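Here the structure is laid out as structure tokens; the discussion comes afterwards.
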Amino acid sequence: MKVLLMALEVVLTPLLWLLKGLLAGVALLPAALLVRWAFGHGLVVGVLSIGPAYFVFGVALLAVVVAFKWIVFYRAVAGEWRFFSFHVACWAVTAQVYDLARFFFLPLVRGTWLFNLFLRALGARIGSNVIVNTSIVCDWDLISIGDDTMIGDDAVLLAHVGEKGLLRMAPVRIGRRCTIGRDTCVMPGVVIEDGAVLAAMSVATKNRVLPANTVWGGTELHQLRASGGRAPAVAEEGASAEE
């Protein structure tokens with residue numbers, strides 16, 4: 001079995017590199033044509049076109065990532081699968097393609113309406129007036145963010161976890177007017193109700209429910225305070241968040 005896995009890795013890794021290279025090349029084509037046209041109108045025009053051309057490449061790359069996801073008919077759904085299954089293979093390849101955008105372009109546009117539009121096109125449910133200031137958003141079909149919510153710098157939104165040879169996936173639901181601090185981690189099955197706050201560098205572990213209008217923090221999650229002078233509540237654990 002170990003030899004078979006090593007053989008698969010040797011064969012599939014170059015194929016994955018080839019796929020990513022081809023997709024990047026497709027996205028690069030309109031930018032290259034723009035630069036070629038600009039240099040045809042003079043050196044100064046050509047040099048000035050390089051910046052806009054990079055933006056054209058980035059937007060094209062976002063479109064390529066979205067197109068790839070829907071062309072392969074991949075959709076994240078709640079459940080569990082063995083690591084060596086067709087569903088997990090589609091999940092892994094789609095995530096690798098998304099990483100192209102994360103590496104080349106998303107740091108420039110995260111926190112903007114363009115990034116929200118990109119996430120919606122990938123299947124995430126994003127409300128109005130939402131700021132998502134992180135590119136580490138996975139399993140988009142299982143991510144829901146309500147109106148007027150802010151996701152802080154380099155927060156991690158995951159709807160999957162690998163455990164004991166299985167990939168387990170569950171929805172992540174973040175309500176309206178929530179604040180998710182920088183460098184936080186939100187794990188599968190977490191429900192953050194309206195108005196709740198998750199402080200910076202905290203971890204909301206699997207299947208936690210943070211009640212409305214409360215403030216939570218820490219790597220071992222505990223309540224910091226509640227609105228209206230209410231006594232701290234206990235985060236519910238093991239609540240079902242599956243659709």
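Bear in mind that the values in this text are calculations on the coordinates, not laboratory data. Everything numeric in this text was worked out from a predicted model, so none of it was measured. Neighbour counts run over all protein chains shown; Cβ positions are idealised from the backbone, glycine included.
Observations, loosely collected:
- Rounded to whole Hz, the Karplus (6.51, -1.76, 1.60) HN-Hα couplings of segment 128-141, x for glycine and proline: 8, 6, 9, 10, 10, 9, 8, 9, 8, 10, 10, 6, 4, 5
- When the Cα positions of Ser128, Val97, Pro52 are compared along the charge dipole of the chain, Pro52 comes out farthest toward the positive end, with charges on each C-beta of Lys, Arg, Asp and Glu.
- Segment 78-136 - percent relative contact order, Cα under 8 Å, separation 6 or more: 29 percent
- With Cα atoms, 0 to 90° folded angle of helix 50-71 axis to the chain main axis: 60 degrees
- About its Cα centre, the dipole of segment 1-158 is roughly 420 debye, where the only charges are +1 on Lys and Arg Cβ and -1 on Asp and Glu Cβ.
- Across the chain, Cα pairs under 8 Å and at least six residues apart give a relative contact order of 11 percent.
- Site-free segments of the chain were taken between chymotrypsin sites (Phe, Trp or Tyr not before Pro) in DSSP loops having at most 13 other Cβ atoms within 10 Å, sites themselves excluded; the longest one is 85-243.
- Ellipticity at 222 nm from helices only: DSSP H runs of n ≥ 4 in the chain, each -39500 (n - 2.57), divided by the residue count, give -13500 deg cm²/dmol.
- Tilt relative to the chain, helix 113-122 - C-alpha long axis, 0 to 90 degrees, to 10: 80 degrees
- For the chain, the longest principal axis of the Cα atoms and the long axis of helix 2-39 meet at an angle of about 60 degrees.
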